[in-house]
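The values are calculated or read from the model by the stated rules, or taken from the named source; none is laboratory data. Since this is a predicted model, take the numbers as computed values, not measurements. Quick reminder, even Gly has a Cβ in these numbers, built from the backbone with ideal geometry, and neighbours come from all protein chains shown.
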Amino acid sequence: MPISYLAFKSSKPAEVPEYLSFLALIKKMGCAKASKEKSAGLLSSLSPASQSLASPYNVRQKYIFERLVGRGHYGTVHLVSLKSYPKETYAIKAISKKKVRSFREMAGREISILQGLDHPNVLKLIEVHEDARYIYLVTEYCSGGSVLDWLQSSPKWEKQAASLMSQIFQGLQYLHINKVCHRDLKPENCMFASKSADSDLKIIDFGLATRFQHRYSSDELQSLVGTPSYQAPEVLQGKYGPKCDMWSAGVIMLSLLSAKLPFEISTSEQALEWGKTGLDAMRTDLGRSVSVEAQDLVSRLLVLDPGLRLEPKQALEHPWFSLYPPDKPGVDIEVVNTLKTCQMRSHFQRIALNSVVKSLKSDQIAPLTRTFRALDRENNGFLTSASLKSDLSTTSLNLSLKSLEKAVKTASTHRNGKLSYSDFLSAAIDSHGLLSYERIQAAFSYFDRDSKGTIGLKEVFAALERQKWTIDVKIAKKLQKEFESWPNGLSFDAFRNLLRA
């Protein structure tokens, strides 16, 4: 029977592989285990071989539930604040176990998928908890409302539609690269991170999302899921692939340009009728107010044959976006310079900094995000030493490919030669003074769940399990070696000095 981090009591290196075999099992199962504080229930039952970890922990010990902000089929969404730092707000999706009794795989899949996503245009999952009645998904809080709100209340301009669609396509490109199909893309599931005019757009609600194997397949998926008005014809026929998301994006774009929501759809024939009549109405009713390029892009999305339908990358390269080019984000040299300091950071420093990054709102990290976008020219959602070398060739920085390779390798959480969005933020966080006392305190409490005032190796592994980090034997041993310096645990003062080192 696999063991959990609770069995990891000895400091003997020989026990490290056993703990890692537990993580490997969870990864192989494609499921996510909750933190050590959860009681036995849904998440533990997702893996038939996993153990129950009962504890009296209650999510309300950490978060203050401010108000209800949404209600769905399987639970509710609440605005919450952090008790240790009330200025920081999040959203908690509370999934009722009673209502999802027959949907265990679906709930586990949503958690597993969200834990593997890391992109400016995708909702960020902070952590997962569980008690006797609910599963709690703690995510960033998008305070700017949805695209549906914008459709119903704001004057419409094609330039704004181009900005919104560009972000939707960037998010979809990242999802499809990572073999994730959303399956319920609609205006309500596209949220503005904040109320600012240049807010990031986030794709949310992955309750119906699924993984797929073949990126270009058109008949791999079969479940009839989604919102009828935005479903692709092939979904209604029961055989489809990830390009169903692009049909949904086409319907959203058509709504943005015409300021009209689609009619109710229940058959593939009605879906095709909506696409045709919607396009015709846009061309006749709006005439010259909608560009020929916009009409062409919509027509290449609302096409019956998924094989002829554009992919996200092709959509982003469409001439329509050249009519309304976004302000080109510049490369913040100071941010890039901080990448070099990662060579001096320990493994636990990077883990702790990542927990701080997770707590930051999109508007707080906007300058860092702009630089990441400027460097991620292919919209892949990650950076490599080669791409950095190419993108920085026109700057005054004199960085060799070898030095960039070393910086990326050191800063990369997963040691795969790729710098994820969160890796980049963690590496650059100090460049904009975001390591405040309160945020460091909140990060400390993330590890110190029992409020003992110290952090041990057991607490670190528990936090890694909540976040589903992949830790190999070599890194685990290095973490173990680091914590030999704190035989009685890492105090808050030592933790603060470590992050600011």
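Numbers for the structure displayed
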| item | result |
| --- | --- |
| Positions within the stretch 208-229 being in contact with a Phe, Trp or Tyr (Cβ under 8 Å, 6 or more places away or on another chain) and either closer than 12 Å to V180 by Cα or of a type in the set (F, W, Y) (or both), in sequence order | L221 |
| In the stretch 113-158, the residues that are small (G, A, S), at pLDDT below 90 and crowded, with 18+ Cβ neighbours inside 10 Å | none |
| Failed item in (1) modelled with pLDDT under 80; (2) touching a helix residue (DSSP H, G or I) at 6+ places or on another chain (Cβ under 7 Å); (3) in a helix (DSSP H, G or I), with S390 passing the rest | (2) |
| Pick from the stretch 368-387, criterion in a helix (DSSP H, G or I) and in contact with a helix residue (DSSP H, G or I) (Cβ under 6 Å, 6 or more places away or on another chain), ranking: farthest from V335 (Cα to Cα) | S385 |
| Residue match in the stretch 464-477 (condition: over 21 Å from Y63 (Cβ atoms), at pLDDT 90 or above and assigned to a loop (DSSP other than H, G, I, E, B)) | no |
| Elements of type strands (runs of 3 or more DSSP E) contained in the stretch 103-194, each with 1 or more residues being aromatic (F, W, Y) and in contact with a His (Cβ under 9 Å, 6 or more places away or on another chain) | 134-140 |
| Boolean, R215 is of a type in the set (K, R), assigned to a loop (DSSP other than H, G, I, E, B) and touching a strand residue (DSSP E or B) at 6+ places or on another chain (Cβ under 7 Å) | no |
| Residue check for S112: among the hydroxyl-bearing types (S, T, Y) and either free of Cβ contacts under 8 Å to residues at least 24 places away in the same chain or touching a Gly at 6+ places or on another chain (Cβ under 8 Å) (or both) | yes |
| Every residue from the stretch 329-345 that is closer than 17 Å to L375 by Cα and either modelled with pLDDT of 70 or more or assigned to a helix (DSSP H, G or I) (or both) | V331, D332, I333, E334, V335, V336, N337, T338, L339, K340 |
| Sole exception among (1) more than 22 Å from the chain's Cα centre (by Cα); (2) at pLDDT below 85; (3) crowded, with 16+ Cβ neighbours inside 10 Å; (4) not aliphatic (A, V, I, L, M) for T413, by number | (1) |
| Pairs with Cβ under 8 Å, 6+ apart, first in the stretch 303-319 and farther than 17 Å from E293 by Cα, second hydroxyl-bearing (S, T, Y) and in a helix (DSSP H, G or I) | none |
| Tally, over the stretch 258-282, of residues that are polar (S, T, N, Q), surrounded by 16 or more Cβ atoms within 10 Å (Cβ to Cβ) and at pLDDT below 75 | 2 |
| Residue that is surrounded by the most Cβ atoms within 10 Å (Cβ to Cβ), among those in the stretch 346-367 that are assigned to a loop (DSSP other than H, G, I, E, B) and of a type outside the set (G, A, S) | I365 |
| Flag for D219 being of a type in the set (D, E, K, R) and touching a residue at least 60 places away in the same chain (Cβ under 8 Å) | no |
| Long-range neighbours under 8 Å by Cβ, at least six apart or interchain, first residue under 16 Å from L360 (Cβ atoms) within the stretch 437-449, second crowded, with 21+ Cβ neighbours inside 10 Å and of a type in the set (S, T, N, Q) | A443/S355; Y446/S355 |
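Here is a yes/no grid of residues against (1) in a loop (DSSP other than H, G, I, E, B); (2) modelled with pLDDT of 85 or more:
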position	(1), (2)
L256	no, yes
T284	no, no
V303	yes, yes
L308	yes, yes
Q314	no, yes
